[in-house]
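Quick notes on the structure that follows.
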Amino acid sequence: MPRKQPKPVHQLTPAQFDQMFPVGNEDACKAYLKARRWPEGVRCPRCGNPAVYDLPSRKWHWQCEKCAKDGYRFSIIAGTVFENTNKPLRDWFKVAHLMLTSKKGMSARQLYRYMGFGSVKTAWMMAHKIRLALVEENMDKLGGIVEVDETFIGGKDTNRHWDKKSGFHGGTADKTPIIGAVSRKGNVVARVLQYVTKDAAQDFVREMVSNKVSLLATDESKVYQGLTDYPHLTVHHAARQYVVGAVHTNTIEGFWSIFKRGVVGTFHKVSAKYLPLYVVEFQFRYNNRSNADIFGTAIEGC
Ligand SMILES: [Zn+2]
């Protein structure tokens, strides 16, 4: 039976973006940020006090008199990832929009060229700060039919099959493992590991996947053996068995493939140190694939 294609989601187009945030119009960006950050009115970013005062002399600045004797003065970007920057908010918004509308993400070099920044380094720094804002906190445990699988980033791809066959699941100096779980038709959650050990894999599953799932599907890897509190079924990849009824890991493998195309093709070299941030970005885009307001959701987290 052919799978039903999900309805395409209408995201903010570049033209709509320019209309909402005209070049040079910082006030439009600030008003948007204010509405997203504080939908119920401005609160002190330090103590949460909602009774703050406008600073009449400085637009987009407020004062809280609860958490500082002489009053704590803060701006619209205080406590956000946009703080301590000389870049206009409009540039930040544009970078975020470019990152969110590109399925495979954008490299710092592409952002640099597109934005006409002074350096690749600036684009790189901004993109990383935006990734920090995309961290999804307090996610519900995954339910329904859940697939769990691991993949390796870096190193020579040709070694991968050999590694899997021999049961070698470590990371090496040039290869970093990522473990992921996806609820079919739902969310994905992925995490960079140092080594894929049985403990690490099963801790991840227990933390991220509800044991009330209807099915937990993995391959035959030993690291998943013993999850007896889950309805766990496996496919035997080494024996070229990929799908047995509902048991397969095609969904999570689809996510790995988007991630790898992004990381390998767009980012060229992602050092292991920053890999978790790229995971955050790809996870956020995937989990908001049906969210027409993905841009606003991202700005909320900034
Ligand atoms: Zn305060």
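The values are calculated or read from the model by the stated rules, or taken from the named source; none is laboratory data. Keep in mind it's a predicted model, so treat the numbers as computed, not measured. Heads up, the Cβs are rebuilt from the backbone with ideal geometry, glycines too, and the neighbour counts pull from every protein chain shown. To get the accessible areas, we keep the full protein, side chains included, count just its heavy atoms, and leave off ligands, DNA and RNA. Shrake-Rupley method; radii C 1.70, N 1.55, O 1.52, S 1.80 Å.
Structure values in brief
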{"item": "For HIS232, residues with placed amide H under 5 Å, excluding near neighbours", "result": "LEU216"}
{"item": "Spatial extent of the range 1-87: Rg and Dmax, with the Cα atoms as the point set, Å", "result": "18.3, 68"}
{"item": "Placed amide H near LEU55: partners under 5 Å, 5+ positions off or other chain", "result": "HIS61, TRP62, GLN63"}
{"item": "Taking the chain and dividing mean pair separation by its residue count, relative contact order in percent (alpha carbons under 8 Å, at least six apart)", "result": "20"}
{"item": "Gained length - ALA272 relative to MET139, 0.36 nm times residue gap less alpha-carbon distance", "result": "45.5 nm"}
{"item": "Sum of side-chain charges, ILE145 neighbourhood, beta-carbon under 10 Å (Lys, Arg +1; Asp, Glu -1)", "result": "+1"}
{"item": "Candidate residues SER75, SER257: accessible-area rank, largest first, probe 1.4 Å", "result": "SER257, SER75"}
{"item": "Note, ³J(HN,Hα) from phi for the range 291-302, Karplus 6.51, -1.76, 1.60, rounded to Hz, x at Gly and Pro", "result": "9, 5, 9, 4, 4, x, 4, 5, 5, 4, x, 6"}
{"item": "Calculated diffusion of the chain, Stokes-Einstein form, Kirkwood radius summed over Cα pairs, 20 °C and 1.002 mPa s, µm²/s", "result": "100"}
{"item": "Extension gain (nm, one decimal) between LYS59 and VAL244, 0.36 nm per residue minus Cα-Cα", "result": "60.4 nm"}
{"item": "17 Å cut-off, amide nitrogen to a point 7 angstrom out along ASN211 Cα→Cβ, residues in the range 184-201", "result": "199-201"}
{"item": "By accessible area with a 1.4 Å probe, ligands and nucleic acids excluded, highest first: order of VAL270, VAL148", "result": "VAL270, VAL148"}
{"item": "Greater than 27 Å apart at Cα, pairs in LYS121/LYS260; LYS104/LYS273; LYS129/LYS198; LYS129/LYS185; LYS59/LYS129; LYS66/LYS121", "result": "LYS129/LYS198; LYS129/LYS185; LYS66/LYS121"}
{"item": "For HIS97, solvent-accessible area (1.4 Å; no DNA, RNA or ligand), Å²", "result": "0"}
{"item": "Within the chain: Cβ-based charge dipole about Cα centre, in debye rounded to nearest 20 (Lys, Arg +1; Asp, Glu -1)", "result": "660"}
{"item": "Sequence of LEU55, LEU132 when ordered by accessible area, the most exposed leading, probe 1.4 angstrom", "result": "LEU132, LEU55"}
{"item": "For LEU193, distant residues with modelled amide H under 5 Å away", "result": "ILE178, ILE179"}
